[in-house]
Amino acid sequence: MLLRVKEEKKQSAQSDALMAGQKRAEIEKINLRLQKILDSFLDEIIDRDTYVAEKAKLMSQKKSLEEQSTALLKGRANWLEPFQSWILAARNA
């Protein structure tokens with residue numbers, strides 16, 4: 001049973017790292033879009049209202065993705081630690 005917990009912990013960490021990498025890739029895409037709308041605004045292709053609205057939307061998405069990435073990297077498998085301790089305590093009892 002303890003081996004299974006360790007295996008689950010490893011799989012969870014790998015999955016979280018993969019998902020965090022995907023979130024970082026999405027953040028980079030948003031950064032590129034932010035740069036494009038800034039360039040468009042500076043070149044007077046889009047007006048200020050459009051720029052501000054689009055920038056706010058993209059910044060909100062970016063912040064959300066950053067928070068999700070941070071949460072994934074901190075590890076969501078924290079529930080496995082108490083479970084592992086419980087198994088060890090039960091085994092020693």
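The values are calculated or read from the model by the stated rules, or taken from the named source; none is laboratory data. None of the values given here were measured: they were computed from a predicted structure. As a convention, Cβ positions derive from the backbone with ideal geometry for all residues, glycine included, and neighbour counts pool all protein chains shown. Ligands, DNA and RNA are stripped out before the accessible areas are found, and what is left, the full protein with its side chains, is counted by its heavy atoms. Shrake-Rupley method; radii C 1.70, N 1.55, O 1.52, S 1.80 Å.
Listed values, structure above:
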{"item": "Residue-span extension gain [W86 to I45] - 0.36 nm each, minus C-alpha spacing", "result": "8.5 nm"}
{"item": "Estimated FRET transfer efficiency (T70, K36; beta-carbon r; R0 30 Å; 0.05)", "result": "0.70"}
{"item": "Filter on K36/K63; K10/K36; K6/K62 - keep pairs with C-alpha separation over 30 Å", "result": "K10/K36; K6/K62"}
{"item": "Nearest-10 value in Å² for the accessible area of R33, using the 1.4 Å probe", "result": "110 Å²"}
{"item": "For K63, solvent-accessible area (1.4 Å; no DNA, RNA or ligand), Å²", "result": "110 Å²"}
{"item": "Interchain or long-range residues, amide H under 5 Å from I46's placed H", "result": "F41"}
{"item": "Alpha-carbon spread of segment 15-71, three principal axes, descending order, Å", "result": "43, 14, 9"}
